[in-house]
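Q: One structure, as structure tokens, below. Some questions next.
A short reminder: the numbers here are calculations on the coordinates, not readings from a lab. Remember, it's a predicted structure, so these values are computed and weren't measured experimentally. Please note: Cβ atoms are built from the backbone with ideal geometry, for glycine as well, and neighbour counts cover all protein chains shown.
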Amino acid sequence: AALDGTPEITCEAAATSPVGTYDIVVKQGSVKNYNVTYVKGTLIIEPAPLTISAGTYTKKQGDPMPEFTLSYTGFKNNETESILTKQPVVSCDADESSAPGEYPVIVNDAEATNYAISYTNGKLIVAEADAVVVSARNYTRKYGDVNPEFEYDVTGAALDGTPEITCEAAATS
């Protein structure tokens, strides 16, 4: 038999409803048929995919570590990382004095009720420090005189610290 009219179908779930199972209720509506059975359906709301990315960073050897700023792709309903029930952990084996090279920036351990979280690790590129050249100045003295106070010149990047200057010559040399 053909259905005469349109049934009323409702579901309490909305776009902002959390992950879970919801009844889809079907009622008579404008149906005029007799002996009609209405069977409810089910709406399953699954976690939405969310990707947390660590990004790429650069620094020179000796410079402080950068602040790792994560990016998020996939939030729904204008949500932000504030809804995470556990914030992500970011780690990198490099430190301020690490040798030039590429180091992984690992992100993991975040949790959120309505999201299935995946991660995109990043990298930290440590570049060689700017070159510093410390040159001892040249001197001339007469035999029997004491050595002058030795000085140096610096070219390139700023010198951090004071070099030690020695000379094997003595007044009797």
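Q: For residue 60, which lysines qualify as cross-link partners when the Cα separation must be under 23 Å and same-chain residues fewer than eight apart are set aside?
A: 123
Q: Could you pull out the trypsin sites (Lys or Arg not before Pro) across the stretch 94-173 that fall in loop regions by DSSP (anything but H, G, I, E, B) with no more than 13 other Cβ atoms inside 10 Å?
A: 137, 141, 142
Q: Which listed residue (49, 133, 15) has the Cα farthest towards the positive end of the charge dipole for the chain, taking +1 on Lys and Arg C-beta and -1 on Asp and Glu C-beta about the Cα centre?
A: Highest projection toward the positive end goes to 15.
Q: Let me ask something else. Please find, in a Gaussian network model of the chain (springs between Cα atoms separated by less than 10 Å), the residue of 117, 45, 24 whose mean-square fluctuation is greatest.
A: With Cα springs under 10 Å in the chain, the top fluctuation among 117, 45, 24 is at 24.
Q: Something else: Take residue 51, project a point 7 Å from its Cα along the Cβ direction, then tell me which residues of the stretch 105-131 have their backbone nitrogen under 12 Å from it.
A: 118-121
Q: What does the stretch 18-76 give for Rg and for Dmax, in Å, if only its C-alpha atoms count?
A: Calculated on Cα positions, Rg and Dmax stand at 25.8, 83 Å.
Q: Which residue, 115, 139, 103, tops the fluctuation ranking in a GNM of the chain built on C-alpha contacts under 10 Å?
A: Evaluated over the chain, the most mobile residue of the options is 139.
Q: Under a straight-distance cross-link criterion of Cα-Cα below 27 Å, which lysines are reachable from residue 76, leaving out those fewer than 8 residues away in the same chain?
A: List returned: 86.
Q: Under the Karplus relation 6.51 cos²θ - 1.76 cosθ + 1.60, θ = phi - 60°, what is the ordered set of whole-Hz ³J(HN,Hα) values for the stretch 76-87, x standing for Gly and Pro?
A: Computed from phi, the couplings for the stretch 76-87 are 10, 6, 6, 7, 10, 4, 5, 7, 5, 7, 8, 6 Hz.
Q: Report, ordered by chain and residue number, the aspartates and glutamates lying within cross-link reach of residue 40, taken as a straight Cα distance under 20 Å and ignoring same-chain residues fewer than 8 apart.
A: Here the aspartates and glutamates satisfying the reach criterion relative to residue 40 are 4, 8, 12, 23.
Q: Sticking with this structure for a sec: If you average 1/r over all unlike Cα pairs in the stretch 71-173 and invert the result, what Kirkwood radius do you get in angstrom?
A: When all Cα pairs of the stretch 71-173 are included, the Kirkwood radius is 19.6 Å.
Q: Would you kindly work out the equivalent ellipsoid of the stretch 1-125 from its C-alpha gyration tensor and give its semi-axes, the square roots of five times the eigenvalues, largest first in whole Å?
A: Those come to 54, 11, 10 Å.
Q: Loop-only check: which trypsin sites (Lys or Arg not before Pro) in the stretch 35-101 are DSSP coil with at most 14 other Cβ within 10 angstrom?
A: Within the stretch 35-101, the qualifying trypsin sites (Lys or Arg not before Pro) (loop, at most 14 other Cβ atoms within 10 Å) are 40, 76.
Q: In whole Å, how far is the Cα centre of the stretch 125-173 from that of the stretch 17-37?
A: Taking the Cα centre of the stretch 17-37 as reference, the centre of the stretch 125-173 is 90 Å away.
Q: Hey, got a sec? Which GluC sites (Glu not before Pro) in the stretch 1-95 land in a DSSP loop and have at most 14 other Cβ atoms within 10 Å?
A: Of the GluC sites (Glu not before Pro), the ones in loops of the stretch 1-95 whose Cβ has at most 14 other Cβ atoms within 10 Å are 12, 67.
Q: Quick one: dipole size for the stretch 36-173, taken about the Cα centre, charges +1 on Lys/Arg Cβ and -1 on Asp/Glu Cβ, in debye to the nearest 20.
A: Dipole of the stretch 36-173, to the nearest 20 debye: 600 debye.
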